[in-house]
Amino acid sequence: MKATSRQWHALLMMCAAAAVVALAGVVRWMDLHRADGEVLENRNVRVVFVDSEADLDADRAADLLGLSQPRAGELDVASPDSAHAPSEVRAGELEVCVRFGGEPLSDAGVELLDITGALDVRARTDRDGLARLAARSGGWHTVRVEAADGTLAVREWEQGSARRMQFDFGGSSLAGQAFDCDGRPWAHAPLQVIQSAGDGAVRRELHADGDGRFQCAGLVAGSVTVAEALAQRGASEPRAATTVLGEGQGARLDLGFADALVAWRGLVRLRSARVLEEELELLAVESQRGWVEHVRSDEFGRIDARLRSGDWSVQVLAIDGVVEVLALELRSEDVERDVDLPGTCLRATLNLPSIALAEPEARGVLSIERGEGAQWVQVTPRDGRALVCGLAAGSWRFAAHRSGLEPEGASEWVVEGWEDVLDVTLEVLWGVPEDS
(Lines give C-alpha, C1' and ligand atoms only; values in the text may rest on other atoms or scores of the structure.)
Protein backbone atom coordinates (compact mmCIF):
# COMPACT_ATOMS: atom_id res chain seq x y z
CA MET A 1 0.00 0.00 0.00
CA LYS A 2 1.39 3.36 -0.99
CA ALA A 3 2.06 5.90 1.76
CA THR A 4 0.32 9.21 1.44
CA SER A 5 2.24 12.49 1.59
CA ARG A 6 0.90 13.09 5.09
CA GLN A 7 2.30 9.75 6.22
CA TRP A 8 5.71 10.53 4.68
CA HIS A 9 5.77 13.87 6.50
CA ALA A 10 4.95 12.19 9.84
CA LEU A 11 7.73 9.64 9.25
CA LEU A 12 10.28 12.36 8.59
CA MET A 13 9.29 14.22 11.77
CA MET A 14 9.76 11.02 13.81
CA CYS A 15 13.26 10.53 12.32
CA ALA A 16 14.20 14.12 13.12
CA ALA A 17 13.03 13.74 16.71
CA ALA A 18 15.03 10.55 17.06
CA ALA A 19 18.14 12.31 15.75
CA VAL A 20 17.75 15.12 18.28
CA VAL A 21 17.40 12.60 21.10
CA ALA A 22 20.54 10.77 19.91
CA LEU A 23 22.61 13.95 19.67
CA ALA A 24 21.52 15.06 23.11
CA GLY A 25 23.70 12.29 24.53
CA VAL A 26 26.74 13.52 22.62
CA VAL A 27 26.48 17.31 22.52
CA ARG A 28 25.39 19.67 25.24
CA TRP A 29 24.77 23.37 24.93
CA MET A 30 27.75 25.51 25.93
CA ASP A 31 28.03 29.18 26.86
CA LEU A 32 31.32 30.95 26.23
CA HIS A 33 32.49 32.84 29.26
CA ARG A 34 35.15 35.50 29.82
CA ALA A 35 37.64 35.00 32.60
CA ASP A 36 35.42 37.16 34.85
CA GLY A 37 32.38 34.96 34.19
CA GLU A 38 30.58 37.23 31.71
CA VAL A 39 28.79 35.31 28.97
CA LEU A 40 29.96 36.22 25.49
CA GLU A 41 27.34 36.69 22.80
CA ASN A 42 27.45 36.90 19.01
CA ARG A 43 30.80 35.09 18.80
CA ASN A 44 31.76 33.01 15.79
CA VAL A 45 33.02 29.66 17.10
CA ARG A 46 34.44 26.82 15.04
CA VAL A 47 33.74 23.38 16.58
CA VAL A 48 35.45 20.23 15.27
CA PHE A 49 34.13 16.77 16.27
CA VAL A 50 36.75 14.02 16.28
CA ASP A 51 36.22 10.32 16.92
CA SER A 52 37.59 9.58 20.41
CA GLU A 53 39.43 6.54 19.06
CA ALA A 54 41.05 8.43 16.19
CA ASP A 55 44.82 9.00 16.23
CA LEU A 56 44.98 12.83 16.20
CA ASP A 57 48.44 14.33 16.32
CA ALA A 58 49.36 18.03 16.59
CA ASP A 59 49.77 18.54 12.83
CA ARG A 60 46.38 16.97 12.08
CA ALA A 61 44.73 19.08 14.78
CA ALA A 62 46.34 22.19 13.30
CA ASP A 63 45.01 21.27 9.85
CA LEU A 64 41.50 20.79 11.20
CA LEU A 65 41.54 24.13 12.96
CA GLY A 66 43.25 26.01 10.11
CA LEU A 67 46.30 26.80 12.23
CA SER A 68 49.99 26.84 11.32
CA GLN A 69 52.68 25.23 13.47
CA PRO A 70 55.61 27.41 14.63
CA ARG A 71 59.06 26.83 13.13
CA ALA A 72 61.53 24.82 15.16
CA GLY A 73 63.92 26.94 17.17
CA GLU A 74 61.66 30.01 17.28
CA LEU A 75 58.42 29.86 19.20
CA ASP A 76 56.13 32.83 18.58
CA VAL A 77 53.14 32.64 20.87
CA ALA A 78 50.03 34.38 19.65
CA SER A 79 48.41 35.59 22.86
CA PRO A 80 44.89 34.18 23.22
CA ASP A 81 42.04 36.60 23.27
CA SER A 82 41.19 36.96 26.93
CA ALA A 83 37.57 36.12 26.04
CA HIS A 84 38.69 32.56 25.28
CA ALA A 85 41.51 32.23 27.82
CA PRO A 86 40.90 30.13 30.92
CA SER A 87 40.87 32.08 34.16
CA GLU A 88 43.43 29.84 35.85
CA VAL A 89 47.10 30.20 34.87
CA ARG A 90 48.72 26.79 34.79
CA ALA A 91 51.98 25.93 36.55
CA GLY A 92 55.00 27.03 34.53
CA GLU A 93 52.99 29.74 32.75
CA LEU A 94 53.19 33.49 33.23
CA GLU A 95 50.37 35.89 32.45
CA VAL A 96 51.60 39.42 31.79
CA CYS A 97 49.25 42.38 32.05
CA VAL A 98 50.43 45.62 30.41
CA ARG A 99 48.73 48.97 30.99
CA PHE A 100 49.41 52.46 29.69
CA GLY A 101 47.99 55.32 31.73
CA GLY A 102 45.71 52.87 33.52
CA GLU A 103 44.24 51.44 30.30
CA PRO A 104 45.06 48.04 28.73
CA LEU A 105 47.89 48.31 26.20
CA SER A 106 47.42 46.02 23.21
CA ASP A 107 50.10 44.76 20.82
CA ALA A 108 52.95 45.28 23.27
CA GLY A 109 55.85 42.87 22.77
CA VAL A 110 56.57 40.48 25.65
CA GLU A 111 59.66 38.25 25.75
CA LEU A 112 61.04 35.68 28.15
CA LEU A 113 64.84 35.41 28.13
CA ASP A 114 66.54 32.48 29.82
CA ILE A 115 69.41 32.80 32.28
CA THR A 116 71.93 33.07 29.40
CA GLY A 117 70.01 35.96 27.80
CA ALA A 118 68.75 33.83 24.90
CA LEU A 119 65.15 34.17 23.74
CA ASP A 120 62.94 31.47 25.26
CA VAL A 121 59.48 32.54 24.08
CA ARG A 122 57.75 35.71 22.87
CA ALA A 123 54.17 36.96 22.67
CA ARG A 124 52.12 40.11 22.07
CA THR A 125 49.39 41.45 24.32
CA ASP A 126 45.76 41.18 23.22
CA ARG A 127 43.15 43.95 23.34
CA ASP A 128 42.85 43.50 27.11
CA GLY A 129 46.59 44.03 27.55
CA LEU A 130 47.19 40.36 28.41
CA ALA A 131 49.76 37.89 27.16
CA ARG A 132 50.34 34.37 28.38
CA LEU A 133 53.71 32.64 28.00
CA ALA A 134 54.86 29.13 28.87
CA ALA A 135 58.60 28.99 29.56
CA ARG A 136 60.41 26.17 27.79
CA SER A 137 63.38 26.23 30.17
CA GLY A 138 63.35 26.23 33.96
CA GLY A 139 64.90 28.56 36.50
CA TRP A 140 65.21 32.33 36.39
CA HIS A 141 64.06 34.36 33.39
CA THR A 142 64.13 38.00 32.37
CA VAL A 143 60.74 39.41 31.34
CA ARG A 144 61.02 42.19 28.74
CA VAL A 145 58.01 44.29 27.75
CA GLU A 146 58.35 46.82 24.96
CA ALA A 147 55.67 49.36 24.07
CA ALA A 148 55.18 50.66 20.53
CA ASP A 149 57.08 53.88 21.32
CA GLY A 150 60.18 51.94 22.38
CA THR A 151 59.69 52.21 26.15
CA LEU A 152 61.22 49.11 27.69
CA ALA A 153 60.34 47.46 31.00
CA VAL A 154 62.45 44.65 32.49
CA ARG A 155 61.81 42.36 35.48
CA GLU A 156 63.11 39.05 36.78
CA TRP A 157 60.86 35.98 37.10
CA GLU A 158 61.52 32.49 38.40
CA GLN A 159 59.52 29.71 36.83
CA GLY A 160 57.18 28.18 39.37
CA SER A 161 56.85 31.40 41.40
CA ALA A 162 54.26 34.11 40.68
CA ARG A 163 52.00 33.28 37.74
CA ARG A 164 50.88 36.83 37.04
CA MET A 165 52.88 40.01 36.54
CA GLN A 166 51.68 43.54 35.77
CA PHE A 167 53.59 46.29 33.96
CA ASP A 168 52.29 49.86 34.18
CA PHE A 169 53.38 52.47 31.68
CA GLY A 170 52.05 55.64 33.27
CA GLY A 171 50.52 58.77 31.86
CA SER A 172 53.32 61.05 33.07
CA SER A 173 55.95 62.55 30.78
CA LEU A 174 59.35 64.17 30.96
CA ALA A 175 61.01 66.76 28.72
CA GLY A 176 64.23 68.70 28.92
CA GLN A 177 67.46 69.76 27.28
CA ALA A 178 70.99 68.42 27.61
CA PHE A 179 73.95 70.79 27.85
CA ASP A 180 77.67 70.11 27.76
CA CYS A 181 80.07 71.33 30.41
CA ASP A 182 80.46 74.67 28.62
CA GLY A 183 76.73 75.34 28.80
CA ARG A 184 76.13 74.73 25.08
CA PRO A 185 73.28 72.46 23.87
CA TRP A 186 74.52 68.91 23.49
CA ALA A 187 73.34 67.94 20.01
CA HIS A 188 72.12 64.34 19.62
CA ALA A 189 73.14 63.46 23.18
CA PRO A 190 72.71 59.68 23.85
CA LEU A 191 70.47 59.37 26.91
CA GLN A 192 68.54 56.78 28.87
CA VAL A 193 65.49 57.37 31.06
CA ILE A 194 65.24 54.97 34.04
CA GLN A 195 62.47 54.35 36.58
CA SER A 196 62.25 51.74 39.32
CA ALA A 197 59.15 49.58 39.02
CA GLY A 198 58.71 47.16 41.91
CA ASP A 199 61.29 44.43 41.44
CA GLY A 200 62.37 45.68 38.02
CA ALA A 201 62.96 48.84 36.04
CA VAL A 202 61.50 50.75 33.11
CA ARG A 203 64.20 51.98 30.77
CA ARG A 204 64.11 53.83 27.47
CA GLU A 205 67.11 54.83 25.39
CA LEU A 206 66.81 57.91 23.20
CA HIS A 207 68.80 60.65 21.50
CA ALA A 208 68.30 64.36 21.92
CA ASP A 209 67.66 66.43 18.80
CA GLY A 210 70.08 68.88 17.23
CA ASP A 211 69.41 71.41 20.00
CA GLY A 212 69.89 68.87 22.78
CA ARG A 213 66.14 68.66 23.49
CA PHE A 214 64.47 65.38 24.46
CA GLN A 215 61.09 64.10 25.66
CA CYS A 216 59.75 60.82 26.97
CA ALA A 217 56.14 59.75 27.65
CA GLY A 218 54.61 56.67 29.29
CA LEU A 219 56.26 57.20 32.68
CA VAL A 220 54.70 56.50 36.08
CA ALA A 221 54.54 58.86 39.01
CA GLY A 222 57.62 58.89 41.20
CA SER A 223 61.36 59.31 40.87
CA VAL A 224 62.85 59.28 37.36
CA THR A 225 66.52 59.43 36.34
CA VAL A 226 67.99 60.67 33.07
CA ALA A 227 71.55 59.51 32.43
CA GLU A 228 74.01 59.67 29.59
CA ALA A 229 74.29 56.41 27.63
CA LEU A 230 77.86 56.31 26.35
CA ALA A 231 79.01 52.79 25.50
CA GLN A 232 82.68 53.71 25.69
CA ARG A 233 82.44 54.57 29.38
CA GLY A 234 82.91 50.90 30.19
CA ALA A 235 82.18 49.98 33.78
CA SER A 236 82.26 53.56 35.07
CA GLU A 237 79.11 55.18 36.42
CA PRO A 238 77.27 57.37 33.89
CA ARG A 239 76.49 60.95 34.80
CA ALA A 240 72.82 61.42 35.67
CA ALA A 241 70.15 63.75 37.04
CA THR A 242 66.94 62.87 38.92
CA THR A 243 63.51 64.48 39.39
CA VAL A 244 60.05 63.45 40.65
CA LEU A 245 56.98 63.07 38.42
CA GLY A 246 53.39 63.64 39.50
CA GLU A 247 50.56 61.31 38.48
CA GLY A 248 49.53 62.10 34.90
CA GLN A 249 51.68 65.22 34.86
CA GLY A 250 54.63 66.44 32.84
CA ALA A 251 57.94 67.61 34.25
CA ARG A 252 61.04 69.30 32.89
CA LEU A 253 64.61 68.28 33.61
CA ASP A 254 67.59 70.01 32.03
CA LEU A 255 70.93 68.21 32.20
CA GLY A 256 74.19 70.06 32.69
CA PHE A 257 77.16 67.80 33.25
CA ALA A 258 79.84 68.71 35.76
CA ASP A 259 82.73 66.71 34.29
CA ALA A 260 85.02 69.21 32.62
CA LEU A 261 86.03 68.64 29.01
CA VAL A 262 89.65 69.60 28.49
CA ALA A 263 91.05 70.53 25.09
CA TRP A 264 94.03 68.53 23.84
CA ARG A 265 95.85 70.02 20.89
CA GLY A 266 99.02 68.88 19.21
CA LEU A 267 100.70 67.45 16.12
CA VAL A 268 101.54 63.95 14.95
CA ARG A 269 105.29 63.79 14.28
CA LEU A 270 107.51 61.22 12.60
CA ARG A 271 110.91 60.11 13.91
CA SER A 272 112.63 63.06 12.23
CA ALA A 273 110.18 65.43 13.97
CA ARG A 274 108.53 66.10 10.62
CA VAL A 275 104.74 66.37 10.79
CA LEU A 276 102.78 63.45 9.33
CA GLU A 277 100.44 65.32 7.03
CA GLU A 278 97.63 62.81 6.76
CA GLU A 279 94.77 61.49 8.84
CA LEU A 280 95.68 59.03 11.55
CA GLU A 281 93.40 57.35 14.09
CA LEU A 282 94.60 57.36 17.68
CA LEU A 283 93.10 55.52 20.63
CA ALA A 284 92.81 57.31 23.98
CA VAL A 285 92.14 55.15 27.08
CA GLU A 286 91.52 56.61 30.55
CA SER A 287 93.55 54.37 32.84
CA GLN A 288 91.41 54.55 36.00
CA ARG A 289 87.83 54.61 34.74
CA GLY A 290 88.23 52.68 31.49
CA TRP A 291 86.83 55.33 29.17
CA VAL A 292 87.79 54.88 25.53
CA GLU A 293 87.79 57.66 22.94
CA HIS A 294 88.78 57.60 19.25
CA VAL A 295 90.80 60.65 18.26
CA ARG A 296 91.74 61.43 14.65
CA SER A 297 94.30 63.87 13.36
CA ASP A 298 93.38 65.87 10.24
CA GLU A 299 95.13 65.83 6.85
CA PHE A 300 97.65 68.35 8.17
CA GLY A 301 98.59 66.17 11.15
CA ARG A 302 96.80 68.38 13.68
CA ILE A 303 95.01 67.07 16.76
CA ASP A 304 92.15 69.08 18.26
CA ALA A 305 90.26 66.87 20.71
CA ARG A 306 88.12 67.40 23.81
CA LEU A 307 88.42 64.77 26.53
CA ARG A 308 87.19 64.52 30.10
CA SER A 309 89.69 65.25 32.81
CA GLY A 310 91.74 62.21 33.78
CA ASP A 311 94.90 60.23 33.07
CA TRP A 312 94.91 59.09 29.44
CA SER A 313 97.07 56.67 27.50
CA VAL A 314 97.28 57.60 23.80
CA GLN A 315 97.91 54.55 21.62
CA VAL A 316 98.63 53.83 17.97
CA LEU A 317 98.83 50.78 15.71
CA ALA A 318 102.40 49.47 15.48
CA ILE A 319 104.10 46.32 14.20
CA ASP A 320 104.10 44.91 17.75
CA GLY A 321 100.41 45.67 18.26
CA VAL A 322 98.77 48.73 19.77
CA VAL A 323 101.45 50.63 21.70
CA GLU A 324 101.37 53.71 23.90
CA VAL A 325 102.90 56.80 22.33
CA LEU A 326 101.86 59.43 24.87
CA ALA A 327 100.83 59.60 28.54
CA LEU A 328 98.42 62.51 28.83
CA GLU A 329 97.35 64.10 32.12
CA LEU A 330 94.27 66.24 31.65
CA ARG A 331 92.99 68.33 34.51
CA SER A 332 91.21 71.68 34.23
CA GLU A 333 93.46 73.55 31.78
CA ASP A 334 93.89 72.94 28.06
CA VAL A 335 96.96 70.94 27.07
CA GLU A 336 99.27 71.06 24.04
CA ARG A 337 101.25 67.85 23.53
CA ASP A 338 102.57 66.27 20.34
CA VAL A 339 102.52 62.58 19.45
CA ASP A 340 105.85 61.06 18.34
CA LEU A 341 105.44 57.94 16.20
CA PRO A 342 107.99 55.17 16.84
CA GLY A 343 110.40 53.82 14.20
CA THR A 344 109.77 53.88 10.48
CA CYS A 345 106.14 53.99 9.43
CA LEU A 346 104.88 51.65 6.71
CA ARG A 347 102.31 53.38 4.52
CA ALA A 348 100.76 50.64 2.38
CA THR A 349 98.26 50.96 -0.44
CA LEU A 350 96.42 47.79 -1.51
CA ASN A 351 94.96 47.56 -5.02
CA LEU A 352 92.00 45.17 -5.21
CA PRO A 353 91.23 43.33 -8.46
CA SER A 354 87.91 43.97 -10.20
CA ILE A 355 86.65 40.51 -9.16
CA ALA A 356 86.68 41.69 -5.54
CA LEU A 357 83.74 44.01 -6.30
CA ALA A 358 81.50 40.96 -6.58
CA GLU A 359 82.41 39.88 -3.03
CA PRO A 360 81.96 42.94 -0.80
CA GLU A 361 82.08 40.79 2.34
CA ALA A 362 85.67 39.72 1.62
CA ARG A 363 88.61 41.94 2.53
CA GLY A 364 92.13 42.58 1.40
CA VAL A 365 94.72 41.85 4.11
CA LEU A 366 98.26 43.12 4.52
CA SER A 367 100.67 40.53 5.96
CA ILE A 368 104.00 41.72 7.36
CA GLU A 369 106.96 39.47 8.16
CA ARG A 370 110.37 40.48 9.52
CA GLY A 371 112.64 38.19 7.56
CA GLU A 372 111.61 34.90 6.01
CA GLY A 373 110.42 32.33 8.53
CA ALA A 374 109.25 34.81 11.15
CA GLN A 375 105.66 35.11 12.31
CA TRP A 376 103.32 37.02 10.03
CA VAL A 377 101.52 40.08 11.39
CA GLN A 378 98.22 40.79 9.63
CA VAL A 379 96.59 44.19 9.25
CA THR A 380 93.23 44.96 7.60
CA PRO A 381 93.59 48.31 5.82
CA ARG A 382 90.91 50.96 6.00
CA ASP A 383 89.73 52.04 2.54
CA GLY A 384 92.66 50.16 1.03
CA ARG A 385 95.29 52.07 3.00
CA ALA A 386 97.15 51.21 6.19
CA LEU A 387 99.69 53.06 8.31
CA VAL A 388 101.73 50.86 10.66
CA CYS A 389 104.46 52.28 12.90
CA GLY A 390 107.50 50.79 14.57
CA LEU A 391 109.45 49.18 11.71
CA ALA A 392 113.07 48.80 12.79
CA ALA A 393 116.06 48.55 10.44
CA GLY A 394 116.28 45.21 8.67
CA SER A 395 114.67 43.06 5.99
CA TRP A 396 110.86 43.00 5.83
CA ARG A 397 108.44 41.05 3.63
CA PHE A 398 105.00 42.33 2.70
CA ALA A 399 102.16 40.40 1.06
CA ALA A 400 98.65 41.49 0.08
CA HIS A 401 95.99 38.81 -0.22
CA ARG A 402 92.36 38.03 0.28
CA SER A 403 91.18 37.39 3.85
CA GLY A 404 91.09 33.68 4.61
CA LEU A 405 94.10 32.88 2.41
CA GLU A 406 97.71 32.31 3.35
CA PRO A 407 100.13 35.07 2.27
CA GLU A 408 101.86 34.26 -1.01
CA GLY A 409 104.05 36.15 -3.42
CA ALA A 410 105.57 38.34 -0.72
CA SER A 411 107.72 41.29 -1.77
CA GLU A 412 110.91 41.91 0.19
CA TRP A 413 111.89 45.38 1.31
CA VAL A 414 114.90 46.56 3.28
CA VAL A 415 114.40 49.26 5.91
CA GLU A 416 117.55 51.28 6.46
CA GLY A 417 116.35 52.63 9.77
CA TRP A 418 116.51 56.33 9.03
CA GLU A 419 113.35 56.65 6.90
CA ASP A 420 110.30 58.43 8.21
CA VAL A 421 107.83 56.63 5.96
CA LEU A 422 108.18 53.61 3.68
CA ASP A 423 105.58 53.81 0.92
CA VAL A 424 104.53 50.46 -0.52
CA THR A 425 101.89 49.69 -3.17
CA LEU A 426 100.78 46.07 -3.47
CA GLU A 427 98.42 44.16 -5.75
CA VAL A 428 96.04 41.95 -3.77
CA LEU A 429 96.17 38.27 -4.74
CA TRP A 430 92.54 37.14 -4.97
CA GLY A 431 91.68 33.49 -4.72
CA VAL A 432 89.13 31.18 -3.18
CA PRO A 433 89.63 29.92 0.40
CA GLU A 434 89.89 26.14 0.71
CA ASP A 435 86.84 25.90 2.97
CA SER A 436 84.58 27.67 0.44
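The values are calculated or read from the model by the stated rules, or taken from the named source; none is laboratory data. Quick caveat, the model's predicted, so the values are computed rather than measured. Here the Cβ positions follow ideal geometry from the backbone for every residue, glycine too, while neighbour counts run over all protein chains shown.
Let's see how each residue does on (1) among the acidic types (Asp, Glu); (2) over 21 Å from ARG252 (Cα atoms); (3) modelled with pLDDT of 85 or more; (4) surrounded by 15 or more Cβ atoms within 10 Å (Cβ to Cβ):
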residue: CYS97; (1), (2), (3), (4): no, yes, yes, yes
residue: ARG122; (1), (2), (3), (4): no, yes, yes, yes
residue: ARG127; (1), (2), (3), (4): no, yes, yes, no
residue: ARG136; (1), (2), (3), (4): no, yes, no, no
residue: ALA153; (1), (2), (3), (4): no, yes, no, yes
residue: ARG163; (1), (2), (3), (4): no, yes, no, yes
residue: CYS181; (1), (2), (3), (4): no, no, no, yes
residue: HIS188; (1), (2), (3), (4): no, no, no, no
Just one listed residue, out of PRO342, PRO360, is touching a residue at least 60 places away in the same chain (Cβ under 8 Å) and either part of a loop (DSSP other than H, G, I, E, B) or outside the structural domain of TRP396 (by TED's automatic domain parsing) (or both), and it is PRO342
Single unsatisfied condition, GLY409 versus (1) in contact (Cβ under 8 Å) with a residue 12 or more places away in the chain; (2) within 24 Å of ALA356 (Cα to Cα); (3) within 39 Å of the chain's Cα centre (by Cα):
(3)
Looking at the structure I just gave you, is THR380 within 22 Å of LEU282 (Cβ to Cβ) and exposed (fewer than 13 other Cβ atoms within 10 Å of the Cβ)?
yes
Only unsatisfied item for SER313, checking (1) closer than 20 Å to VAL421 by Cβ; (2) out of contact with any Phe, Trp or Tyr (no Cβ under 8 Å at 6 or more places or on another chain); (3) hydroxyl-bearing (Ser, Thr, Tyr), is (1)
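Would you be able to tell me the number of residues in the range 90-145 that are among the aromatic types (Phe, Trp, Tyr) and without any contact (Cβ under 8 Å) to a residue 60 or more places away in the chain?
1
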Does GLU372 qualify as being outside any strand (DSSP E or B), surrounded by fewer than 17 Cβ atoms within 10 Å (Cβ to Cβ) and not assigned by TED's automatic domain parsing to the domain that holds SER403?
no
Restricted to the range 102-120 and to residues being out of contact with any strand residue (DSSP E or B) (no Cβ under 7 Å at 6 or more places or on another chain) and modelled with pLDDT under 80, the residue nearest to ALA221 (Cα to Cα) is GLY102
Got a number for residues in the range 398-416 being out of contact with any Lys or Arg (no Cβ under 7 Å at 6 or more places or on another chain) and either buried (at least 18 other Cβ atoms within 10 Å of the Cβ) or not in a strand (DSSP E or B) (or both)?
12
ALA260 - would you say it is aliphatic (A, V, I, L, M), over 22 Å from the mean Cα position of the chain (by Cα) and at pLDDT below 80?
yes
Among the residues listed as ARG331, ARG302, the single one being more than 34 Å from the chain's Cα centre (by Cα) and at pLDDT 90 or above:
ARG302
